[in-house]
Amino acid sequence: MTPRAPEFDAYWLGRAVELAHICPPSPTAFSVGAILVDQEGRQISCGYSRELSPLHHAEEAALDKLPVDTDLTHATLYSSLEPCGRRLSRPYCCSELVIAAGIRRVITVWREPDLFVLECRGLRTLHTAGVTVHELPEFAAAAKAANSHLFALGG
């Protein structure tokens, strides 16, 4: 299995969805898992929502665990939800952090619903910056299940 093969992407995205399921639930934020994989196909970091602080998003947690000078130009980010494109709790959204980190490839499951922030635009921001983005919707049910607490009232 090569690092760019579809089954390779499915494996790592499945692992990111597993991380989403260990997030402490929050009534005001999604439960998300994220994994960074290098060009050789090795995990170099991972994170999940609220792992490092109540405000940390998954992508942010994975990035914050790396040394500042880590070269991520050949890395792939696997995230169980579209990296946010607008953020209320921090100065930079996750899509901006991904771009600033030099990540050129993102694989995700589903687009952020308009539950907390209208018109997320994370994938559009990434695409506009030249980041290759792929969605694997076959993992959507599992990713949404990690967020069932948010949709219990029909949201």
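Computed from label points 7 Å out along Cα-Cβ, the spacing between residue 71 and residue 151 is 4.1 nm. What the Cβ-Cβ distance of residue 21 and residue 124 gives, at R0 = 30 Å and to the nearest 0.05, is a FRET efficiency of 0.65. Taking Cα centre as origin and charging only the Cβ of basic (Lys, Arg, +1) and acidic (Asp, Glu, -1) residues, the dipole magnitude of the chain rounds to 240 debye. Of 89, 80, 45, the residue with the greatest mean-square motion in the GNM of the chain, using alpha carbon springs below 10 Å, is 89.
Taking only protein heavy atoms and a 1.4 Å probe, the accessible area of the chain is 56% carbon and sulfur. Helix 6-20 and the long axis of the chain differ in direction by around 40°, with both axes built from C-alpha atoms. Considering only 70, 125, 108, the mean-square fluctuation computed in a Gaussian network model of the chain, springs between alpha carbons under 10 angstrom, is largest for 70.
The values are calculated or read from the model by the stated rules, or taken from the named source; none is laboratory data. All figures in this text were calculated on a predicted structure; none of them were measured in a lab. As a convention, Cβ positions derive from the backbone with ideal geometry for all residues, glycine included, and neighbour counts pool all protein chains shown. Protein only, heavy atoms only, side chains kept; ligands, DNA and RNA dropped before computing areas. Shrake-Rupley method; radii C 1.70, N 1.55, O 1.52, S 1.80 Å.
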